[in-house]
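So the structure is just underneath, and the comments pick up after that.
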Amino acid sequence: MEMKLKKCSSKTNYIGKEAYLIMRLWLRYFLLPVLCREWAKTAEAQKIDVGVIMDQQSLLGKVSNCTMTMALEDFYGPDGPGFKYQTRLVFHGRDSNKSIKGAASAAFDLMNGSKVQAIIGPQTSEQADFLAYMAQEAHIPIISFSAVSSSLPPFEVKFFVRMAQNDSTQALPIAELVQAFGWREVVIIHDDSDSGIVLIPYLTDAFQEIDVKVRRRLVLASTKSSINKTLHKITKQKRTRVFIVHLPFSLSKRFFMNIHKAGMMEKDYVWIITSELTNRLCYMDSSIFNTMQGVLGVQTFVPESERLDDFKVRWKRRFRRQFTDTEILDLDAYSLWAYDTVWFLAKAAEKTSFQFNENFNSPNSQNLMGLDVSPNGANYLKSISTTELQGLTGDIQLVGGQLQSTDFQIVNVLGNGGRSIGYWTPYAGLSRSRSSKDLEKNNSANADDLDGIIWPGGSTTAPKGWVFGRKLKIGVPVKTGFSEFMKVDIDPNDNKTVARGFCAEVFEKVMSIDYLHYPVLLEYIEFDNGHAGEPGYYDELIYQVHLKKYDAVVGDITITANRSIYVDFTVPYAESGVSMIVPIQHDITKSLWWFTKPFKWHVWLTTFVLFGAKGFLVWLFERENNEEFQGPWQKQLGTTFYFSFSLFHFSHREKVESNPARVVVVVWTFIVFLLMTSYTANLTAMLTVEKVQPSITDIDSLIRNGDYVGYQSASFLLEHLKDLGFSEEKLKPYATVDEYAEALSRGSSNNGVSAIIEEIPYIKVFLRKYFHKYDIAGPTFQSRGFGFVFPRGFDMVPDVSKAILNLSSSKDMFDIENKWFGAGSRSLEDSLETPVTENKLPLKTFLGLSIITSGIAMLAVVAFLSGPYWKRCVIGTKSSHRNGGDRDNSSNGGKETDSARPDDESPGAEAVPTGDAGRPTIIEQQALSPTTKHESVLQWEFSWMTPRWRQPDLSQFFFFRSR
């Protein structure tokens, strides 16, 4: 056994030695020569000097320097895309010392001393503003991955390139985040730097587009006293609790620590931070995170990829070895942009043809700032502008010298980091995920599009965005009538104003914790300006809200367009409309002409005219051939009218012989049938169903007759009635239900009114008491109903409107209506939905039938009058055929044929009558002369027009004569 093991071991050693020898030979004679050739090429590559200006001691400076070094290694390494490039970037680092002066000094040294072709940096927007103009003079591109301020216009500083997300692009996602939760007011807190100020106009415009008010702007300096003053101003914000914080990283840490100590990171507060801070959350330690729990923020979105994950792992190992005393949770967007900037410049350098000569150092090539003008800057900038790259942060492309990046991630600060709760894109708005389903939807701003949020104080309920630390002052009107809606009393115990009635109870129910979901204290104040009940009183009360004397107004206030100019209304809590109250006219049979009520007088007049016309047409068609329509003119007139009107009950006895007359009679009989049916149905309804009728059914008749009309005093209806065409002298104001009834009972002729024009809710109250004497009539004009009044832009209006909608569909509203209007209020409202209007049938009801019968009658007249013409045609045709037959007989020796000879002797033969002159008539000639098929057809076609082939005497058609 031992011998076998020794043999195996020796054999294994032998194989290992062979593999080792082969490996050495492969490395020596194959790999090393290849590497040497490539290293030789690298040594021969053209060096492109690039300056780097950063705040070397800042966290961003340390992290970005590490990522840029790794970017050079990855790009020009054996596995990198630039391994075989003919150009190599060489970095020259400088420290800006956290100042504009230091950054400018470093840039001057790099431009004139190191002769760099481009500069990466600087770190802040303030530094970039100054260096951009230096780059413009020296024609050297400056590429910054962290100067996001939008204060630099690209068309003025063409040599400044922003390889970062423009600061202004976050204004829309912040605004839509505010809109999603229905917050109506915000407070913006920013520092006094240029980068802090530049974003504010973009935020303000975005908020204005969604009707969100910027309540206040607080400018914060870096000093401790400034922070304390800002905290004091924030505590004075007794209403608004939504704060937008746009501060630099170093100042934000101190600010939130003081906010937390002041107790303003509790429930009901909302804090939203901009990307300036959200992108650097990874630099914060746990002590800072503890002061920011529940904060929301918008963060630059960086798509995940395996390449990015691999890079983060390598970066962490390297950074921990290089900076052992610094702990960074993750890479931020700025550090990733630094990596992509190196690759971007390296690719652009390979496409650029650089020229180096002694003119670059000559004094003639310098400008007024003493900077050397680079001969390669313009070409290098052109290559940078046209370069595209698939970087760690996604697709990179410059448009107008700026990176096109507009997508954001919504984060919620929780624990030791930011938890993603949603995303924002320009085309889809807020979305829960980046799935195709969420990104293909229309732009929306809805809280449901976000994941669950932990708010300050650990609450999971979205704050309403404001609180009240005082009572709401509620103005109420003084009313002398219709106390069911509003009545104001004084409590003798504490001398406080107490509001009662339907409007007050609905308001108190809406403002209760059951519907508004947060407590609100109310204080009623009676508005008594000495003009209660006069025109304009309600408008003056509403205007007090605009003057901020009252926080709201409660009462029977109708929503109108003019009033909405100064105040905001809630949704209507009582639907309304404007209609008319008139006295009832009982039982139509009391009228002498009650039987004419089913039709309007136009119908009656038209019916009688048509009766006469149809009788005339029948007489016209029948007079020549029908003995019943012949004789003395008195007889013809009586027969004609009797025949026409007897069709009412279908009792006519005259026989109609001509076809045109029969057509007219048939059609007219159908019309008479419809008239009788309509008359009977309408009269039956009047006598059985509608025992009462309003005395007036049309507002226009009131205007035409000059009748007096009443309305409720202090109501908006005065101007409304003027717009309808009423004269102000004909309008009388009244205040109570009893005054309405008394004025209607008197009428216009006795110092009263013919009608009361009022809103539907008041009509319901009036008819509950006087339903047996008065009724609603005429059309109902729509109005917007009763609403509660608040100042324009008031935060509570959406919440109160929502509470009104919930109350309207609940049993509580039903109970309130029953309490103040009685149990029959609902059924009364249903009855008012169909007001009584005039029910007489107008002429247009029978317009179609009239057109049909008139058209048929005209066709019959045309056919009758054209009869003689067709007779002459037939007679002429027969004569020509008869003459041709005579010539045939003469050719046969004058002998008659059997077919032409009269068969008088045949059995059953009848005697042929002769005409008045002893000559055979036309019909006799037809019987005696041979007929052809053509003659028979003509005779059949035109025989329906008149029963005999006798030409009528047209001179006798339009007067009566004896026969």
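Given a 1.4 Å probe, how much area per residue of segment 223-270 is accessible, in Å²? Let's see the in-between values first.
Details: 2320 Å² over 48 residues.
I get 48 Å² per residue for this part.
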Worksheet item: Where Lys and Arg each count +1 and Asp and Glu each count -1, what net charge lies around P303 among other residues with Cβ under 12 Å from its Cβ?
Response: -3
Worksheet entry | Whole-number D in µm² s⁻¹ for segment 236-309, Kirkwood Cα-pair radius fed into Stokes-Einstein, 25 °C, 0.890 mPa s | 181 µm²/s
Worksheet item: Length gain on complete extension for the stretch E388 to M257, per 0.36 nm per residue less the alpha carbon to alpha carbon distance?
Response: 42.9 nm
Worksheet item: What is the packing order of peptides 699-707, 771-779, taking the mean over residues of other C-beta atoms within 10 Å and listing the highest first?
Response: 771-779, 699-707
Discussion item. Please list, ordered by chain and number, the residues whose modelled amide H lies under 5 Å from the amide H of F485; skip anything fewer than 5 residues away on the same chain.
Written reply: F502
Item to complete: Report relative contact order for segment 716-761 in percent, whole number only (criteria: Cα-Cα under 8 Å, sequence separation at least 6).
Response: 24 percent
Worksheet item: So what does K312 come to for accessible area, using a 1.4 Å probe and Å² rounded to 10?
Response: 50 Å²
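Mind ranking H260, H190 by accessible surface for me, highest first, 1.4 Å probe? Kindly include the intermediate steps, with their values, before the conclusion.
Numbers: H260 85, H190 0 Å².
Sorted by accessible area, descending: H260, H190.
Pairs of alpha-carbon atoms within less than 8 angstrom and 6+ residues apart define the contacts here; what relative contact order does segment 390-438 have, in percent? Mind dumping the intermediate values first?
Details: 51 pairs, mean separation 10.6, N = 49.
Reported relative contact order: 22 percent.
What number comes out for accessible area per residue over segment 672-822 if the probe is 1.4 Å? Units Å², please. Please report the intermediate quantities before stating the final value.
Details: 6810 Å² over 151 residues.
Accessible area per residue, segment 672-822: 45 Å².
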Discussion item. Once you place label points 7 Å from the Cα toward the Cβ at F814 and K267, how far apart are they in nm?
Written reply: 3.4 nm
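Could you work out the local net charge near I384, counting Lys and Arg as +1, Asp and Glu as -1, over the other residues with Cβ closer than 13 Å to its Cβ? All intermediate terms of the calculation are to be shown ahead of the outcome.
Working: positive: K158, R162, K347, K351, K382; negative: D340, E350, E388.
Its environment carries a net charge of +2.
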Discussion item. Going by average Cβ density within 10 Å per residue, which order do the peptides 129-140, 317-328, 280-291, 564-575 take, highest to lowest?
Written reply: 129-140, 564-575, 280-291, 317-328
Discussion item. Run the paramagnetic zone check for K224: 7 angstrom along Cα to Cβ, then residues of segment 269-301 with backbone nitrogen under 15 Å.
Written reply: none
Worksheet entry | Among 509-519, 177-187, 414-424, the order from most to least packed when residues are scored by Cβ within 10 Å on average | 177-187, 414-424, 509-519
Item to complete: Add +1 for every Lys or Arg and -1 for every Asp or Glu among the other residues with Cβ under 13 Å from the Cβ of H246, and state the total.
Response: -4
Discussion item. Can you give me the long-range amide H partners of G429? Hydrogens built in the peptide plane at 1.01 Å from N, cutoff under 5 Å, separation of 5 or more residues or another chain.
Written reply: S444
Fill in: Fully extended contour minus Cα-Cα distance, from K213 to S305, at 0.36 nm per residue
29.1 nm
Worksheet item: Contour minus end-to-end for L637 and D698, with contour as 0.36 nm per residue of separation and end-to-end as the Cα-Cα distance?
Response: 17.7 nm
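Would you mind classifying segment 122-230 by shape? Square roots of the alpha carbon gyration tensor eigenvalues, ordered a ≥ b ≥ c; an a/c under 1.5 is rounded, otherwise it is prolate if a/b is larger than b/c and oblate if not. Walk me through the intermediate numbers first.
Working: a/c = 3.10, a/b = 1.65, b/c = 1.88.
Here segment 122-230 falls in the oblate category.
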Response to the item:
Order by accessible surface, 1.4 Å probe, largest leading, for residues I763, I197 comes to I197, I763
Worksheet, complete the sentence: Computed over the Cα atoms of segment 437-535, the Rg and Dmax in Å are 21.0, 65
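Loop-only check: which GluC sites (Glu not before Pro) in segment 217-319 are DSSP coil with at most 15 other Cβ within 10 angstrom? Present the calculation step by step, with values, prior to reporting the outcome.
Values: sites: E266, E276, E304, E306; in loops: E266, E304.
Passing sites in segment 217-319 are E266, E304.
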Worksheet item: At a 1.4 Å probe, what is the % contribution of carbon and sulfur to the accessible area of segment 678-786?
Response: 50 percent
Worksheet item: Taking a probe of 1.4 angstrom, what is the accessible area of Y543 in Å², to the nearest 10?
Response: 80 Å²
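Please list Y427, Y537 in order of solvent-accessible area, largest first, computed with a 1.4 Å probe with all protein chains present. List each step's numbers first, then the result.
Numbers: Y427 130, Y537 5 Å².
The ranking, largest first, comes out as Y427, Y537.
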Discussion item. As a test question: what accessible area, to the nearest 10 Å², does T684 have when a 1.4 Å probe is rolled over all protein chains in place?
Written reply: 70 Å²
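Using 1/(1 + (r/R0)^6) with R0 = 51 angstrom and r between the beta carbons of H546 and H602, what's the FRET efficiency to the nearest 0.05? Intermediate values should be presented prior to the final figure.
Values: r = 53 Å, r/R0 = 1.04.
Computed FRET efficiency for H546 and H602 comes out at 0.45.
Just to confirm, what accessible area per residue do you get for segment 465-590 at 1.4 Å probe, in whole Å²? Walk me through the intermediate numbers first.
Numbers: 5780 Å² over 126 residues.
On a per-residue basis, segment 465-590 sits at 46 Å².
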Worksheet item: Using alpha carbon centroids, what distance separates segment 714-730 and segment 744-774, in Å?
Response: 17 Å
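The values are calculated or read from the model by the stated rules, or taken from the named source; none is laboratory data. Please read these numbers as outputs of a predicted model, since none were measured by experiment. Every residue, glycine among them, receives a Cβ derived from its backbone with ideal geometry; neighbour counts consider all protein chains shown. Side chains included, ligands, DNA and RNA excluded: accessible areas come from the protein's heavy atoms. Shrake-Rupley method; radii C 1.70, N 1.55, O 1.52, S 1.80 Å.
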